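Undergrad: Quick one: the structure is below, questions incoming.
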Amino acid sequence: MKAQVVIALLMVLALAAPALAFNCPVVIKQAEDLIKKAEATKVNAESKPLIGEGKKLVGEAKAHHEGAKTKKDHGDAIRKAKTAAAYAEEAITLATP
């Protein structure tokens, strides 16, 4: 399931317009909100590592955005934030009976 989420995320990223590169704060905020939602569920042994990975990626996304010098840096921030959101969504799915 994890691989399917990542593949779907990569497909979305490939189709995203380059103009999205400077929407880093919005995408990072969405990922943070999903992580908070995941933490509010019944966290179990399967979902806890996913939430942890999501938090790590959000931190990396913030660092990419703050230190961005090129569009690629913003793109990296967007990719990491969207991947973090995918991990949070998977954690929510695993916590739901």
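Undergrad: Reachable aspartates and glutamates from K36, Cα under 14 Å, same-chain residues fewer than 8 places away excluded?
TA: E53, E89, E90
Undergrad: Protein chains only, probe 1.4 Å: how do V43, V27 rank by accessible area, largest first?
TA: V43, V27
The values are calculated or read from the model by the stated rules, or taken from the named source; none is laboratory data. On a predicted model such as this, the values are computed, not experimentally measured, just so you know. Accessible surface is based on the protein model in full, side chains and every heavy atom, while ligands, DNA and RNA are left aside. Shrake-Rupley method; radii C 1.70, N 1.55, O 1.52, S 1.80 Å.
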